[in-house]
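Note sheet for the following structure.
The values are calculated or read from the model by the stated rules, or taken from the named source; none is laboratory data. What you see is a predicted model; the values in this text were computed from it and never measured. Glycine gets a Cβ as well: all are built from the backbone with ideal geometry, and neighbour counts include every protein chain shown. The protein model used for the area step is the full one, side chains on, heavy atoms only, and it has no ligands, DNA or RNA in it. Shrake-Rupley method; radii C 1.70, N 1.55, O 1.52, S 1.80 Å.
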Amino acid sequence: MEKLMLAMSGGVDSSAALILLKEKYDVIGATLMLNDSKDENGDSMCGSSQDIVDAKRVAEKMEVPHHVFDMREVFSATVKKSFVDSYLNGETPNPCVNCNEVIKFGALLQKAKELSCKYLATGHYARVEYDEASGRYLLKKALLKDGTVNPKDQSYVLYRLSQEQLSAAVFPLGSMEKSEIRELALEKGLVSAGKPDSQDICFVPEGCYGDFIEENIGYKYPAGKFCDTDGNVIGEHKGVIHYTIGQRRGIGVGFGRPVYVISKNAENNTVVLGDNEQLFCDTIIARELNMIAVTAKEFSCKAKTRYKQTEQPCKVIISEDKATVVFDEPIRAVTPGQHIVFYDGDTVLGGGVIC
């Protein structure tokens, strides 16, 4: 059997993936040490965090070798630094996209190759297919057995994978429902069977982005001004890093009516507030393109600008390293730093970073 490395987070998805993969491959389990963990006394326990312990227990139960790779340094220098820099530039990043490209299918894939593994598998809900006609590997949405799109589909956060990365990628959960996955883990008596899904960004405790950024830059971000769409100062805020486009809750200022974050300017530390109607636009510019399944410079497709969003029809015009995307109908709360991903049915065409 061919050798394959499986990224094991300690959760139920990668555990179920191991059960499925072991039938077809010579599997090596691997868990990444990305963050320093603290025990109840505040002491470092980075080598024995609960997720690592759970992953090891699953690997032992399934009788496969397991490695722990300390990638805290590269994770901090890439994913965390990019996250902080993006917020300081007035953007709202999605670090999971960056992590999949740079860490999982970058640094970890290199480790897999060093251990003579041809493939790297993860517990993502997605699929990869080789297209004979184009000679390219295609990233596809996760589909259920009835052919409908899996509500857990994660193709959005994988769109930056290169042809080399896609050629090595294995996603065994591409046609699985969550209930099936938990049942698989439960049948094998795996410790991860009942673990809840993670919700927050792994390195930002309780979603406190502002606190994380201030800790990393070493000072408290200064307060700034709230303005209306005409430029009039209407209040004071605690710093642009604490706000994102479309935000309504937590603004901290009462105006007698619902107001939303329309835009923000990191250079002068201002946040513009306005009505919901002012959040809509029909044209987006995207940078840092990664096109997987299309070479045309102009094409029509569907696209979404957030992970949980439903794709909307649009036209894409590519010039040099940027894309101009014009939607048939205006869409809400387009946010610089997030990603726009293009789809043709269940095939990911590519995407880029919204600027």
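Here the accessible area of the chain is 47 percent carbon and sulfur, with a 1.4 angstrom probe and all protein chains present.
Report the residue, chosen from Phe83, Phe255, Phe75, that carries the largest GNM mean-square fluctuation when the chain is represented by alpha-carbon nodes joined by springs under 10 Å. It is Phe255. Only DSSP H runs of four or more residues enter the estimate; each adds -39500 (n - 2.57), and after division by the residues of the chain the mean residue ellipticity at 222 nm equals -5000 deg cm²/dmol. The calculated P(r) of the range 250-297, using every Cα pair and 10 Å bins from 0, goes 18, 35, 23, 18, 6, 0 in percent. The spread of Cα positions in the range 169-269, taken along each principal axis and listed from longest to shortest, comes to 62, 35, 28 Å. Taking the inverse of the mean reciprocal distance over all distinct Cα pairs, the Kirkwood hydrodynamic radius of the range 260-326 comes to 14.1 Å.
Close amide H partners of Leu349, meaning residues 5 or more places away or on another chain with modelled amide H under 5 Å apart, are Phe342, Tyr343, Asp344.
Cross-link pairs exceeding 18 Å between alpha carbons, from the set Lys24/Lys118; Lys61/Lys188; Lys118/Lys152; Lys22/Lys118; Lys238/Lys264; Lys140/Lys302: Lys118/Lys152. Computed over the alpha-carbon pairs of the chain, the distance histogram in 20 Å steps reads 27, 55, 18, 0 percent, short to long. Phi angles of the range 143-152 translate, via the Karplus equation with coefficients 6.51, -1.76, 1.60 and θ = phi - 60°, into HN-Hα couplings of 10, 7, 5, 8, x, 7, 5, 5, x, 8 Hz per residue; Gly and Pro are given as x. Over all orientations, the range 99-141 has a Cα convex hull whose mean projected area works out to 3.7 square nanometres.
Mind checking which aspartates and glutamates have their Cα closer than 14 Å to the Cα of Lys297? Skip sequence neighbours fewer than 8 apart in that chain. Straight-distance partners of Lys297: Glu320, Asp321.
Sequence-ordered 3J(HN,Hα) estimates for the range 161-173 from the Karplus curve with 6.51, -1.76 and 1.60 and θ = phi - 60° stand at 5, 7, 4, 4, 5, 5, 5, 9, 7, 10, 10, x, 9 Hz, glycine and proline given as x. Working note: Cα atoms of the range 105-245, range along each principal axis, descending, whole Å: 57, 43, 38.
Please sort by residue number the trypsin sites (Lys or Arg not before Pro) in the range 260-355 whose DSSP state is loop and whose Cβ has at most 14 other Cβ atoms within 10 Å.
Answer by residue number: Lys297, Lys308.
The alpha-carbon of Lys225 sits under 16 angstrom from the alpha-carbons of these aspartates and glutamates, leaving out residues fewer than 8 places away in its chain: Glu236, Glu267.
For the range 212-292, a simple Cβ point-charge model (Lys and Arg +1, Asp and Glu -1, everything else neutral) yields a dipole of about 240 debye relative to the Cα centre. Compactness of the range 97-179, taken as the C-alpha radius of gyration over 2.2 N^0.38 Å, stands at 1.09. All other residues whose Cβ lies under 11 angstrom from that of Met1 are scored, Lys and Arg at +1 and Asp and Glu at -1, for a net of +1.
Note that the range 45-102 carries a Kirkwood radius of 13.5 Å, evaluated over its alpha carbons pair by pair. Close amide H partners of Gly224, meaning residues 5 or more places away or on another chain with modelled amide H under 5 Å apart, are His237, Lys238, Gly239.
Under the convention that each Lys and Arg Cβ holds +1 and each Asp and Glu Cβ holds -1, the size of the dipole of the chain around its Cα centre is about 180 debye. Taking 12 Å as the straight-line reach from the Cα of Lys111, the aspartates and glutamates in range (excluding those fewer than 8 positions away in the same chain) are Asp70.
Using C-alpha pairs under 8 Å with a sequence gap of at least 6, the mean separation divided by the residue count of the chain gives a relative contact order of 15 percent. Accessible surface for the chain, divided over its residues, is 48 Å² per residue with a 1.4 Å probe. Over 10 Å intervals from 0, what percent of Cα-Cα pairs in the range 214-355 sits in each interval? Per 10 Å bin, starting at 0, the Cα pair percentages come out as 11, 36, 27, 20, 5, 0.
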